[in-house]
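I have placed the structure first, in the form of structure tokens, so that the comments after it can refer back to it.
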Amino acid sequence: MIDDPLASAVRQLFVDLRHAGTPDLSPALQAGIQRLAGEAGREQRGTRVRFVVTRTAEAISTARFAAYGCPHTLAACEWLCRELEAGRQGSIGGPSDWCRTLGIPIVKLGRLLVVEDALNAAMQHISVR
């Protein structure tokens, strides 16, 4: 039997990337809704991530991502979008926490730092109450 190089949590997220894809930025937003985007990385270096977050005054309503990277990178992006939409923005931690939570090897930390940079760029103007 061949060992699976992906942890169970990573595999489950990777096969169900429901928040992946380029969000439609063209429709006009309703009053009181903000849409913020941030990106980081370069495809030539193996990882590029873009997050788009929509929020109301009360909470984050949608989080989407577009990414070029390994399965661990995409799984982390998917997990982050799910956590943000569930209102757990304050408890997501940082890249080393994501490694522990999702079972991502520490050698992937550099890729997760790119994910963190993209997320921070999108979230820099958000202060959900």
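The values are calculated or read from the model by the stated rules, or taken from the named source; none is laboratory data. Given the structure is predicted, the values throughout are model-derived calculations rather than measurements. Neighbour counts are summed over all protein chains in view; Cβ atoms, including those assigned to glycine, are modelled from backbone coordinates with ideal geometry. For accessibility, only protein heavy atoms count, side chains too; no ligands or nucleic acids. Shrake-Rupley method; radii C 1.70, N 1.55, O 1.52, S 1.80 Å.
Please report, as a whole percent, how much of the solvent-accessible surface of the range 69-129 comes from carbon and sulfur atoms (probe radius 1.4 Å).
Working: 1430 of 2830 Å².
Taking all protein chains in place, the range 69-129 shows 50 percent carbon and sulfur surface.
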Within-15-Å neighbourhood charge of ASP16 [Cβ basis; K, R +1; D, E -1]: +1
Residue by residue, what Karplus-based ³J(HN,Hα) values in Hz, rounded to whole numbers, does the range 74-91 have, using 6.51, -1.76 and 1.60 with θ = phi - 60° and x for Gly and Pro? 5, 5, 5, 4, 4, 4, 4, 4, 4, 5, 5, 5, 7, x, 9, 4, x, 10
A correct Karplus calculation of ³J(HN,Hα) over the range 112-118, with 6.51 cos²θ - 1.76 cosθ + 1.60, θ = phi - 60°, whole Hz and x for Gly and Pro, returns 6, 5, 5, 4, 4, 4, 5
Assign one of three labels to the range 55-108, namely rounded, prolate or oblate, based on the Cα gyration tensor with a ≥ b ≥ c the square roots of its eigenvalues; rounded applies when a/c is under 1.5, prolate when it is not and a/b is larger than b/c, and oblate otherwise. oblate
Residue by residue through the range 35-44, the couplings from Karplus 6.51 cos²θ - 1.76 cosθ + 1.60 with θ = phi - 60°, in Hz, x for Gly and Pro, are 10, 10, 10, x, 9, 7, x, 9, 4, 4
